[in-house]
Amino acid sequence: MEKGHAVSKGIGIGKVLIYQQFVPTVEKAFISPENAVETYQIYADIKAKANQEIEQIVQLLLSKKDEKHKIFEAHLEIINDVAMEETIESFIKVEHYGHIYAIDEAYKMFIEMLETVEDDLIRERIADLKDVRNRLLRIAYNVPEKNLSRLFEKTIVVALDLYPSDTATLDRSMVEAIVTEVGGPTSHTAIIAKSYQIPAILGVENAMQLFNDGDTVIVDALDNQLILNPEASVLVQYEQRKQKHIEKVNILKTYQDKTPITSDGFRIDVTLNIGSASKEELALEPYVDGVGLFRSEFLYMENTHLPTEDEQYEVYKRALVGFHGKPVILRTLDIGGDKTLSYMALPKEENPFLGLRAVRLCFSHLDIFKTQLKAAYRASVYGDLWLMFPMVGSMDDIHKIKSVIEEVKIDLDSQNIPYSKTVKIGVMIEIPSIILVIDHVAKACDFASIGTNDLCQYLTAVDRMNPLVSSYYQSYSPSMIRILKMAIDGFNQAGKPISVCGELGGDLIAAPILMGLGMKKLSMSKSSIAPIKHLIIKNSMKTFKDLAQKALTLETEKEVIDLVKKTLEEASHV
């Protein structure tokens, strides 16, 4: 069977759910006047079923104490709105529209009305209206709901791709594994899968056609295999392998609370990548040295509207309080490329990864940018906040960022709003051009963190979301190691902190080289904390340094991988 990339290790066994969002198509349709009452009753039945579906989601989220129940409570308000009800009734009984046409036209009318309103809070309800409209039309077309929050058996989710919005209500206890057609080791589906510790194989060509709903599948994300409708003996064999893997992971977890010091006495900071400052993320505070990457875009992507200043302030405050004075590196809004917002139209671009994204997008929407910065500075009094800006490509970008920050500070001062005067300002190093002026960057910034996912993408000229060219995306290539050395040397020589927050930070092949190059701080998903600490404690810094020096002399990625595996294996026998 077609292979992809095993991006989150483990074995999943379950029934296939082909997950595909419903996209309605509606044509004009009219009824005879004598059928109006019957047609309206059809609509009423559709509405009742929609209410039932939404109520079930609300109750599920309430049972999990998940704040996202408020999103669906808003949907209940919309679907039962008196003005909406009267409009649809009029369309059917007076205008004699068919029930599907009436639903579509009524919701379109209200969406168009809200698009003209200047109040942002009101305009942000547009996404909710679209969601409710799609639900009603899906029911009208008798298409069954596919909701990742309500799964009743062990499930293998098969999709074209998954985005954070798709996984907002994902039932992790029932999702055994994820298989997608799109995505690779650094895609956001991969990041989510690792964070949730769900086995995942991405970039599987024609995955949506390979399986049918209800198929039994083994997703072996240890050996990168998919086994369709296995025999009973094979199922037993894989259940045993799955259990052994879980036992191995549990042994490694014993290192989670240990201090990461190499055998020859070098202390490495191990920090955490987070997305929302959830209770689950905050519970990891005792095991890490802070937050190396707070992906603030998740606050935007898992919402139905632009999060307000107060909403962001509460989340940032929660993170800073929860990490008890440890550094929290907050990355400002990083939207664009493979990350979109349902309620905000982004420009159509030939190559969005090279387009108006991240800090570039923030520069073009200063109101959104300043709102986030104000929220962050207001929260800064509760801990040690470090602000990091993504997609910085030049010193011009850094000067512009500092200018906007000064405007925000002036605004806060004028309102007598307190904020920390010691907030550190740094950049995410992911565009190669910024590394070529790393000496200037180190003088201008308090710190830097390397985003290895995009750095590798731009260095190798490979779309990291495109499975057709995935073999050219070489994270361990000698050229990647050399450019990483330039960035690390630049900040170490200036006496400024530098870390890695991309996927290589928690990678057992890359981490030894990074530490050998002089990296003293690594950030990673929670699933990598224990394995990386084990790696650090069981080896010496001398081993890492010797390894890095040899890697710099090699020609190919394969040579680098073989060297790391051989070196660590030999070191484990010393």
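Matching residues to (1) assigned to a helix (DSSP H, G or I); (2) aliphatic (A, V, I, L, M); (3) buried (at least 17 other Cβ atoms within 10 Å of the Cβ):
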| position | (1), (2), (3) |
| --- | --- |
| Glu349 | no, no, no |
| Ser380 | yes, no, yes |
| Ile417 | no, yes, no |
| Ala448 | no, yes, yes |
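Matching residues to (1) buried (at least 21 other Cβ atoms within 10 Å of the Cβ); (2) within 26 Å of the chain's Cα centre (by Cα):
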residue: Pro230; (1), (2): no, no
residue: Val236; (1), (2): no, no
residue: Gln243; (1), (2): no, no
residue: Asp257; (1), (2): no, yes
residue: Thr304; (1), (2): yes, yes
Val321 passes all but one of the listed conditions (1) under 21 Å from the mean Cα position of the chain (by Cα); (2) touching a residue at least 12 places away in the same chain (Cβ under 8 Å); the exception is number (1)
Those residues of region 217-260 which are touching a helix residue (DSSP H, G or I) at 6+ places or on another chain (Cβ under 7 Å), among the aliphatic types (A, V, I, L, M) and closer than 28 Å to Met519 by Cα, in sequence order: Leu252
When the residues of region 96-122 are filtered to those that are in a loop (DSSP other than H, G, I, E, B) and more than 23 Å from Pro33 (Cα to Cα), which remaining residue is modelled with the highest pLDDT? Thr116
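Here is a yes/no grid of residues against (1) buried (at least 23 other Cβ atoms within 10 Å of the Cβ); (2) more than 17 Å from the chain's Cα centre (by Cα); (3) farther than 20 Å from Glu280 by Cα:
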{"site": "Pro307", "(1), (2), (3)": "no, no, yes"}
{"site": "Tyr313", "(1), (2), (3)": "no, yes, no"}
{"site": "Leu330", "(1), (2), (3)": "yes, no, no"}
{"site": "Ala345", "(1), (2), (3)": "no, yes, yes"}
May I ask you to verify whether Ala530 is assigned by TED's automatic domain parsing to the domain that holds Ser276 and at pLDDT 95 or above? no
Which residue is farthest from His399 (Cα to Cα), if the candidates are limited to region 351-361 and must be touching a strand residue (DSSP E or B) at 6+ places or on another chain (Cβ under 7 Å) and part of a loop (DSSP other than H, G, I, E, B)? Gly355
The condition from (1) surrounded by 15 or more Cβ atoms within 10 Å (Cβ to Cβ); (2) of a type outside the set (A, V, I, L, M); (3) not in a strand (DSSP E or B) that Gly292 misses is numbered (3)
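Rundown of residues vs (1) in contact (Cβ under 8 Å) with a residue 40 or more places away in the chain; (2) within 30 Å of Tyr196 (Cβ to Cβ), yes/no style:
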| residue | (1), (2) |
| --- | --- |
| Ser523 | yes, yes |
| Lys526 | yes, yes |
| Ala530 | yes, yes |
| Met541 | yes, no |
| Leu547 | no, no |
| Glu557 | yes, yes |
| Asp562 | no, no |
| Lys565 | yes, yes |
Please work out if Val204 is crowded, with 16+ Cβ neighbours inside 10 Å, at pLDDT below 95 and in the same structural domain as Glu153 (by TED's automatic domain parsing). yes
When the residues of region 136-173 are narrowed to those that are closer than 20 Å to Tyr300 by Cα and among the charged types (D, E, K, R), which ends up modelled with the highest pLDDT? Asp161
Given the conditions (1) among the β-branched types (Val, Ile, Thr); (2) farther than 30 Å from Gly325 by Cβ; (3) assigned to a helix (DSSP H, G or I), every one holds for Ile198 apart from (3)
Test Gln41 against the stated conditions and say whether it is assigned to a loop (DSSP other than H, G, I, E, B) and either closer than 30 Å to Ile218 by Cβ or of a type outside the set (Asp, Glu) (or both). no
If we keep only residues of region 465-479 that are assigned to a helix (DSSP H, G or I) and in contact (Cβ under 8 Å) with a residue 60 or more places away in the chain, then the residue surrounded by the most Cβ atoms within 10 Å (Cβ to Cβ) is Pro467
Residues to consider are Ile78, Ile100, Ile71; find the one that is among the aliphatic types (A, V, I, L, M) and in contact with a Lys or Arg (Cβ under 8 Å, 6 or more places away or on another chain). Ile78
Selection over region 41-96 where residues are without any contact (Cβ under 8 Å) to a residue 12 or more places away in the chain and polar (S, T, N, Q) yields a count of 5
List the strands (runs of 3 or more DSSP E) inside region 216-278, counting only whole elements, that have at least 1 residues being at negative phi and in contact with a Pro (Cβ under 6 Å, 6 or more places away or on another chain). 216-220, 269-274
Which of the following residues is touching a Leu at 6+ places or on another chain (Cβ under 8 Å), in contact (Cβ under 8 Å) with a residue 40 or more places away in the chain and under 26 Å from Lys550 (Cβ atoms): Ile488, Ile429, Ile438, Ile498? Ile429
Restricting to region 39-67, name every residue that is of a type in the set (Asp, Glu) and within 34 Å of the chain's Cα centre (by Cα). Glu53, Glu55, Asp66, Glu67
Of the residues in region 356-378, those that are within 23 Å of Asn273 (Cβ to Cβ) and over 23 Å from the mean Cα position of the chain (by Cα) number 1
So Val462 clears everything in (1) aliphatic (A, V, I, L, M); (2) part of a helix (DSSP H, G or I); (3) free of Cβ contacts under 8 Å to residues at least 60 places away in the same chain except one condition, right? Which one? (2)
Among the candidates Lys443, Lys421, which residue alone is part of a helix (DSSP H, G or I) and in the same structural domain as Ala379 (by TED's automatic domain parsing)? Lys443
Mind listing just one residue for me: the one in region 14-38 that is more than 39 Å from the chain's Cα centre (by Cα) and free of Cβ contacts under 8 Å to residues at least 12 places away in the same chain and, of those, nearest to Phe211 (Cα to Cα)? Glu38
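The values are calculated or read from the model by the stated rules, or taken from the named source; none is laboratory data. Just so it is clear, the structure is predicted and the values come from calculations on it, not from any experiment. Positions of Cβ are generated from backbone atoms using ideal geometry, with glycine treated the same way; all protein chains shown enter the neighbour counts.
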